[in-house]
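Where a number appears in this text, it was derived from the coordinates with a stated rule and is not lab data. Predicted, not measured: the structure shown is a model, and the values here were computed from it. Reconstructed Cβ throughout: ideal geometry from the backbone, glycine too, with neighbour counts over all protein chains shown.
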Protein chains: 2
Amino acid sequence: MATYGTTGTGMGSGQAQDEHIRETGDLISADKVIGTTVYNAAGDNLGTIHDLMVDKRSGHVAYAVMSFGGFLGIGEKYHPLPWNALTYDDGKGGYNIDLTPEQLRSAPTYSRDELRNFGGERVDTYYGGLGYPPLV
Amino acid sequence: MATYGTTGTGMGSGQAQDEHIRETGDLISADKVIGTTVYNAAGDNLGTIHDLMVDKRSGHVAYAVMSFGGFLGIGEKYHPLPWNALTYDDGKGGYNIDLTPEQLRSAPTYSRDELRNFGGERVDTYYGGLGYPPLV
């Protein structure tokens, strides 16, 4: 995986953060998205983006799979989140998702093995009910 | 980066390939796409997918960035390819792109540093002229 423009420049993390924000006006690379922190409206660190799931036919990023840290005390579980429910926040240097802790606790989660056969239906139903219908 | 379902099973590469093909009917993860081989119609190995570039607004995977191997003798250059120009080939276990060597030689390429400011315009113009207009 590349780290565009971060080799050989000796930049600290603050500058790397600036670089992330500036990177290409309308485009962002999967490499940059993966590993980025996800926050809720209260500013709590919910986890980090672990992978992206692409709809083969439409080419849409359907889901960002968030790996879940300690915030809710669940280990080894992955949250597929609708891509359109995530908003990049320049100030925080991460993605915001406007869900309550209760909404996240009730959301579909998957183990690493379960992700292999992840089809999206449960996620679409759940987040569709919260106002984030699936991208077509 | 995850390797879904490949930990602790002791699978060989042939089985891992089968798994790639089977993975989730309509979805594929960025982690699986990155590193996959790209072939032309003649079956030549053109390179491997190095990263995906996502349009922040639409959520579309706009480009797959192919890192270029020895086929055309160009080193350290990256080819952003329109996502819709790539077709997954089960038999080859990689992506097909229907471009001639001449069309690829003339296509826009970027160094790692140049990719930082990659905006897509040159790529859209070039591949649009070959019948692959940009996704909106």
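How far is B:Glu102 from the same spot in each other copy, in nm, shortest first, if each label point sits 7 Å from Cα toward Cβ?
The answer, with the shortest distance listed first, is 6.7 nm.
Given H placed on each backbone N at 1.01 Å, which residues far from B:Tyr63 in sequence or on other chains put an amide H within less than 5 Å of it?
Amide H neighbours of B:Tyr63, under 5 Å, 5+ apart: B:Met53, B:Trp83.
Extending each Cα 7 Å along its Cβ direction at B:Leu130 and A:Leu130, get the distance between those two points in nm, one decimal.
Result: 4.1 nm between the two label points.
Calculate the translational D of region A:46-129 in whole µm² s⁻¹ from Stokes-Einstein, where the hydrodynamic radius comes from the Kirkwood formula applied to all Cα pairs, the temperature is 10 °C and the viscosity 1.306 mPa s.
119
Convert each backbone phi in region B:48-53 into a coupling constant with the Karplus relation 6.51 cos²θ - 1.76 cosθ + 1.60 (shift: θ = phi - 60°), then list the ³J(HN,Hα) values in order as whole Hz, x for Gly and Pro.
These are the phi-based 3J(HN,Hα) values: 10, 6, 9, 6, 10, 10 Hz.
What list of ³J(HN,Hα) values in whole Hz, one per residue of region A:115-127 in order, does the Karplus curve 6.51 cos²θ - 1.76 cosθ + 1.60 (θ = phi - 60°) give from phi, with Gly and Pro shown as x?
4, 4, 10, 5, x, x, 4, 5, 5, 4, 5, 5, 6
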